[in-house]
Amino acid sequence: MNKPFLLEIGTEELPAAYLAPYCDQLLRLLTEEFKKASLDAKGIETHSTPRRLVFFCKSLADRQPVKEEDVKGPPAAIAFQNGAPTRAATAFAGKCGLPLEQIQTRSFDGKDYLFARVTRGGGQTVDLLEALIPAVIRQLRSPKSMRWEDKPTLFARPIRWIAALYDKAVIPAELDGLVAGNITYGQRFLSPKPVKLQSARLGAFEKKLRKAHVILRHDERVAAITSQLLAHGAREDRIDRGLVNVCADLVEWPSVVRGSFPAAMLELPEPVLMTSLKKHQKSFLVYDEDGKVAPGFLAVANNDLADEARIRSGYERVVVARLADAKFFWDEDRERTLADRVEGLKSVVFQEKLGTYFEKTGRVQGLATFIADAAGKGEAAHDAARAAFLSRADLTTAMVFEFPELQGIMGRVYARAADSEPASVADAIEEMYQPRGADDALPKSLPGALLSVADKADTIAGCISIGFGPSGSGDPYALRRQALGLLRILCQHQLHLDLAALMRRALEPFAAHASAKTFDDILQLLRGRFETVLKDAGVRYDIVNAVLSSGWNDVAAAFDKARQLTALAATDAFRKACTVVERCHNITREADVPAGAVDTAAFVLPLETALWQQWQTVARSVRAAVEGNDIAAALATLAGSFHDTLHQYFDTVRVNEDDQALRANRQRVVRAIRDELVARIADLAQVVFEGEQAKPCER
C-alpha cells in the first residue's frame, strides 16, 4: 500500500540563493534513494521558505518488494579442499547470510561454482526512512557550509527541528542528537509556538502553516508580493521580477510597506534610485499616475504590519541615508567630464597580460572604425569611435565604484549630463555592454552595434591569445556569451563583413601572445556559437549544416539564407533543388577530379552541350537571385527545366567513362555545377528528408 511521506528540515534563516539548490539536491538524493531501495514513489515535490526545506511524496510504497536472486560465489575447487570448506566458502556463506548447508554447487561455463539463493527486500519503509533521512541531510551542500555547536553535520545554518511523517506515523530519524518528530513552527515572530502535525498530507500541512503565518509555496509568495506592489504604486512594466523572486525567498509572510524619501533625491537618475534601493534594502520604486518616479519606495517586510509606522520608519532611515550617499556620488562625479576621466583608465587593469582599460579603449576605438568601413556603415563611424573613446570612463566614477552593475548605464547618463554628448554617442556607450545575457536586448542604434561588436571581438581575441578560451564548463571571461552576442548583433543589424578579416584585425595587438592555432580556436568558438544562433532562430539542424558547409564568413548573409531555406523547406522547388545538388555531389564524391576548366570541344553527345549551355543561363540567374537576396527565385530556377535536363543527363550519359580524358571532362562539368550551387546557396546535399538517415556535416 502506498502512503504520503513528508519531510521538513527546519533551520535558522537561510540565504535566499541557497533555497533552490537545496531543494534540487533534496529532490535528487531522496529520489535516488527510493530507486535504490526499489520503493515506488509518485507525486514528488519540494518547497522552501527561509526557515524550512520541505520534501513531499504523495504516494510512497509501505515496503520494499521481495526479490529472490542467485548470487555466484568462488569456484568450487577453491571453496573446498579435500572435501572440507575453505575460508572462501565460509566467507561467501556469511556474506549471503546463509548457513553453509544451504550453499549450492552449480556448473557455469563448464566450471563448478558456489551459488546461493538470496532473498532481498521486504523492508518496511518506516525503518528505511529512519536511516535514510539523516544520511541524505548530511549530503546536502551549499557554497558556504559549516559546523554548528560542535555538531558534525555541515550545513549553511543551524538545523533546529526535523518533522518526518509517513502517513500518520512519525519517523524518529536522528541527526546529531536531534530526533525527528511531528512538530513544526510558524513565522518566527508572529507564530513562535510549536505546531503539531497529524499526518503527512501536504494540504493539511500547508493549512497549518498558513494559520501560523507561513506561505509555503514560492509562487504564492511571488503572487502576493506582486499584487501588493501594484496596489501600492509600482508599475507592472518596471517591476524587477528577479528582485521579486529574491524577496519571496527572504520572507514567509510577505507584507509590502510604502515609505518615502525627500523629493530632492528625484534629481538622481532612475537607474541610480532603482539600484540603490535594490542593493541596500531589496526595495522597489514608486511611480505617480503619469508614470514618473515618485519620492517613495516599497519594501517587502516579513511581518503583518501591525506596527506599520515603526517598520516604515526603520526602512526610511536606511533608504534616506543610502540615497544621500548616491546623491553625493552624483554631484561629485559630474564635476569632471568623461573625456577628462579617460586618462585615469591607465591605472585600471583589464587583464594582467592584456593591459589596462586605457589600452583596451584604444584598441576598441580602432576596431569600431574598421568594422564601420568593412560593413559599409561609414556614416556611423564617427559616433562609434567617439563612444568607444568614452565607453570605459565611467569605471573611474564613484557611482560605478559603489554600484558596478551600473557601468555603461552611468556612462550614458554622464555623457549627456556632464559632457553634453549627442544622444547617439551616449546611447552607444550603454549599448556596448548589450546583450548582458541570453535574453537581454541587442543594441538598437548602429553606433552601439558597431561598438559592441568591436568590444566583444577585442575581448575574444585577447583572451584566447593568452590561453583563456572556454574549455568544458570553464569560461572565466564569458567568451561564449560574448561570441553569441557578437554574432546576434551582426545578424540583426545586417552587418555584412568579412568575419575572418575582423578577427585577424582584432588579433593583431596580441601577436606576441598568440600561437599558431589561436586564430583557428577563435573561428571554432564563433562557428559553434553561430550554430546556436541558427538553431535558436528555428533553423533545422540539416539546413544549419548545409549553410555552414558552404561558408559562413558573412554571418549576416548566412543567417538570412538559412532562414529563407527553412521557410522554403516544405516546397517542391526546395526538394528538387536539393536533388540537383545531391546527384552532382554523389557522382563526384569519391572522384579525384582533375584540375582544369571544362573543355566544350571535348563534348561527344548533344546532351552534354545542351546541359552545359543551359547551365550557363541557370548559373547567371541563380547568381542574380542570390545577390538580390531572393533564395526562392534561385531554387525555382534550379527546379525548372534544368532539373529535368540534369536528370536526363545522368540517366543517359556515363560520367565515369572508361576513357580517361572524357571521364575527367564530364566530372569537371558535374563538379562545376555542384561547387557553384554550394558556394551560392548551400550544400543542399546535406538536407535530410523524411525517411532518410542524417548525413554527416562536411567541415
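The values are calculated or read from the model by the stated rules, or taken from the named source; none is laboratory data. Note that the structure is predicted; figures quoted are calculated from it, not measured. A quick note on method: Cβ atoms are made from the backbone with ideal geometry, for glycine too, and the neighbour counts reach across all protein chains shown.
Among the residues of segment 622-654, the ones that are crowded, with 19+ Cβ neighbours inside 10 Å and aliphatic (A, V, I, L, M) come to 9 in all. Restrict the check to segment 331-338 and report whether at least one residue is basic (Lys, Arg), part of a loop (DSSP other than H, G, I, E, B) and out of contact with any Leu (no Cβ under 9 Å at 6 or more places or on another chain). Checking segment 331-338: at least one residue is basic (Lys, Arg), part of a loop (DSSP other than H, G, I, E, B) and out of contact with any Leu (no Cβ under 9 Å at 6 or more places or on another chain). Of all residues in segment 283-295, those that are of a type in the set (Gly, Ala, Ser) have Cβ atoms under 7 Å from Cβ atoms of residues that are part of a strand (DSSP E or B), 6 or more apart or on another chain, in SER283/PHE297; SER283/LEU298; SER283/ALA299; ALA294/VAL286; ALA294/TYR287.
Every residue, every condition in (1) surrounded by fewer than 18 Cβ atoms within 10 Å (Cβ to Cβ); (2) out of contact with any strand residue (DSSP E or B) (no Cβ under 9 Å at 6 or more places or on another chain); (3) part of a loop (DSSP other than H, G, I, E, B), yes or no:
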{"residue": "ALA163", "(1), (2), (3)": "no, no, no"}
{"residue": "PHE189", "(1), (2), (3)": "yes, no, yes"}
{"residue": "PRO192", "(1), (2), (3)": "yes, no, yes"}
{"residue": "ALA200", "(1), (2), (3)": "no, no, yes"}
{"residue": "LYS207", "(1), (2), (3)": "yes, yes, no"}
{"residue": "ALA223", "(1), (2), (3)": "yes, yes, no"}
{"residue": "THR226", "(1), (2), (3)": "no, yes, no"}
{"residue": "LEU230", "(1), (2), (3)": "yes, yes, no"}
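Number of residues in segment 374-401 that are more than 12 Å from PRO447 (Cα to Cα), outside any loop (DSSP other than H, G, I, E, B) and either not assigned by TED's automatic domain parsing to the domain that holds PHE358 or not aliphatic (A, V, I, L, M) (or both): the value is 4. If the condition is being part of a strand (DSSP E or B) and in contact with a helix residue (DSSP H, G or I) (Cβ under 7 Å, 6 or more places away or on another chain), then segment 110-161 contributes ASP112, TYR113, LEU114, ALA116, VAL118. Kindly evaluate GLN81 against the criterion of being within 30 Å of LEU53 (Cβ to Cβ) and of a type outside the set (Lys, Arg). It is false that GLN81 is within 30 Å of LEU53 (Cβ to Cβ) and of a type outside the set (Lys, Arg). Is one or more of the residues making up segment 132-144 under 43 Å from the mean Cα position of the chain (by Cα), surrounded by 13 or more Cβ atoms within 10 Å (Cβ to Cβ) and over 25 Å from PRO15 (Cβ atoms)? The answer is yes, given that some residue of segment 132-144 is under 43 Å from the mean Cα position of the chain (by Cα), surrounded by 13 or more Cβ atoms within 10 Å (Cβ to Cβ) and over 25 Å from PRO15 (Cβ atoms). Each residue in segment 420-446 was checked for being over 28 Å from the mean Cα position of the chain (by Cα) and crowded, with 21+ Cβ neighbours inside 10 Å, and 3 pass.
Condition check ((1) within 12 Å of ASN553 (Cα to Cα); (2) of a type outside the set (Lys, Arg)) across all residues:
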position	(1), (2)
GLY474	no, yes
GLN482	no, yes
ARG488	no, no
PHE510	no, yes
SER515	no, yes
ASP520	no, yes
LEU523	yes, yes
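The strands (runs of 3 or more DSSP E) found entirely in segment 8-97 that carry 3 or more residues being crowded, with 19+ Cβ neighbours inside 10 Å are 41-49, 52-61.
Which residues, counting only those in segment 65-124, are under 49 Å from the mean Cα position of the chain (by Cα) and of a type in the set (Val, Ile, Thr)?
Applying the first criterion (under 49 Å from the mean Cα position of the chain (by Cα)) to segment 65-124 yields 65-72, 95-96, 118-124.
Listed by number, the residues that qualify are VAL66, VAL71, VAL118, THR119.
The set of residues from segment 10-22 being among the hydrophobic types (A, V, I, L, M, F, W, C) and closer than 13 Å to LEU216 by Cα comprises just one member, LEU19. Of the candidates LYS346, LYS360, the single residue that is of a type outside the set (S, T, N, Q), surrounded by 14 or more Cβ atoms within 10 Å (Cβ to Cβ) and closer than 30 Å to SER465 by Cα is LYS360.
Residues checked against (1) at pLDDT below 95; (2) in contact with a His (Cβ under 8 Å, 6 or more places away or on another chain); (3) not aliphatic (A, V, I, L, M):
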| site | (1), (2), (3) |
| --- | --- |
| LEU250 | no, no, no |
| MET265 | no, no, no |
| ALA306 | yes, no, no |
| TYR315 | no, no, yes |
| ARG322 | no, yes, yes |
| TRP330 | no, no, yes |
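Checking VAL300, VAL293, VAL318 one by one, the residue that is closer than 25 Å to LEU406 by Cα and surrounded by fewer than 17 Cβ atoms within 10 Å (Cβ to Cβ) is VAL318 and no other.
Inspect all residues belonging to segment 645-665 and state whether any of them is closer than 21 Å to GLN564 by Cα, among the small types (Gly, Ala, Ser) and part of a helix (DSSP H, G or I). No, segment 645-665 contains no residue that is closer than 21 Å to GLN564 by Cα, among the small types (Gly, Ala, Ser) and part of a helix (DSSP H, G or I).
For the condition touching a residue at least 24 places away in the same chain (Cβ under 8 Å), assigned to a helix (DSSP H, G or I), surrounded by 13 or more Cβ atoms within 10 Å (Cβ to Cβ) and among the hydrophobic types (A, V, I, L, M, F, W, C), what is the one hit in LEU534, LEU497?
Values: LEU497 fails: assigned to a helix (DSSP H, G or I).
Result: LEU534 is the single residue among LEU534, LEU497 that is touching a residue at least 24 places away in the same chain (Cβ under 8 Å), assigned to a helix (DSSP H, G or I), surrounded by 13 or more Cβ atoms within 10 Å (Cβ to Cβ) and among the hydrophobic types (A, V, I, L, M, F, W, C).
Within segment 381-393, is even one residue without any contact (Cβ under 8 Å) to a residue 12 or more places away in the chain, surrounded by fewer than 22 Cβ atoms within 10 Å (Cβ to Cβ) and farther than 21 Å from ALA326 by Cα? For segment 381-393, residues without any contact (Cβ under 8 Å) to a residue 12 or more places away in the chain, surrounded by fewer than 22 Cβ atoms within 10 Å (Cβ to Cβ) and farther than 21 Å from ALA326 by Cα: present. Could you go through segment 508-516 and let me know if any residue there is aromatic (Phe, Trp, Tyr) and surrounded by fewer than 21 Cβ atoms within 10 Å (Cβ to Cβ). Looking for residues that are aromatic (Phe, Trp, Tyr) and surrounded by fewer than 21 Cβ atoms within 10 Å (Cβ to Cβ), one finds at least one in segment 508-516, hence yes. Could you grab me the full set of residues in segment 467-489 that are modelled with pLDDT of 95 or more and over 21 Å from the mean Cα position of the chain (by Cα)? Residues satisfying the conditions do not exist here.
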